[in-house]
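One structure is given here, and the rest of the page talks about it.
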Amino acid sequence: MNSIAEIAALIGDPARASILSALMAGRALTAGELAWHAGVSAQTASGHLGKLLAAKLICMEKQGRHRYYRLASAGVAQLLETLTVLAAAEPVGRRVVGPKDQALRLARTCYDHMAGKLGVALADALAARSYVVMDDDAAMITDAGRHFFHEFGLDLSSPSGSQRPICRACLDWSERRPHLAGRLGAALLARFLDLAWVQPVADSRALKLTGTGEREIHIRFHLRPGWQQG
């Protein structure tokens, strides 16, 4: 069994931290792509990936001649997001926020669910309409919420053998308030992508909110006015 110190040492390496951060986008990436994200050679990336695989922080899938890597579980993603919140807890003004950071703060993926201002605004809107009830890191879907999500086309059934909660509050590192995770959070992101309401940004965790998406989200979810600036 891996000890806390061993896991911390693995994540604490800058290159491995960059690899794990890149996988927080929720997409499976090749060793070459991860080497680029970490700014290291392919040989060095291979060594880092081997250590992360041995610790079961990531998993590897083969498709033909290609090998793809992804985070091992939602639990790993939750750990990384929590560490990101702690790392961001620094005095205001010490870091200059550039355009890329602004895009990430507006909307991004947190493993397989939405985060940033959009994720928090959605959680607020669903709570305001009593579709979900949130308390600290706990969240619950109400009967009205189950009906709403069913009508919206979400399948919230649990895969066989899965112990993942249907709904969980995840503390957002940039907003310092919760967004929705669990099977509900994943289903919402998948549905938004299918409807082309949001689009992934290449080589980033950022999500682009489309014109159709901005209009339809306001109609369906009743986001509060000014959520993008809040």
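If R0 is taken as 45 Å, the Cβ-Cβ distance between Ala138 and Ala42 corresponds to a FRET efficiency of 0.55. Using just the Cα positions, wrap the chain in a convex hull and report its mean projected area in square nanometres, one decimal place. Result: a mean projected hull area of 14.1 nm². Panel note: the C-alpha atoms of segment 169-217, placed on their principal axes, show extents of 27, 23, 20 Å (largest first).
Taking label positions 7 Å along the Cα-Cβ direction at both Gln102 and Ala202, the computed distance is 2.2 nm, reported to one decimal. Global dimensions of segment 127-230 from alpha-carbon coordinates: Rg and Dmax equal 14.1, 41 Å.
Per DSSP helix of 4 or more residues, -39500 (n - 2.57); summed, then divided by the residues of the chain. What does that give at 222 nm, rounded to the nearest 500?
-14000 deg cm²/dmol
Segment Ser162..Thr212, full-extension length gain: 14.6 nm, with 0.36 nm per residue of separation and the alpha-carbon distance subtracted.
For the chain, take the longest principal axis of its alpha carbons; what is the angle in degrees between that and the long axis of helix 116-128, to the nearest 10 within 0 to 90? So the inclination is approximately 40 degrees. Separation of segment 103-122 and segment 189-230, taken as the distance between their Cα centroids, equals 9 angstrom.
Rule-based calculations on the coordinates, nothing more; no lab input. Computed from a predicted structure; not experimentally measured. Cβ atoms come from the backbone with ideal geometry, glycine included; neighbour counts cover every protein chain shown.
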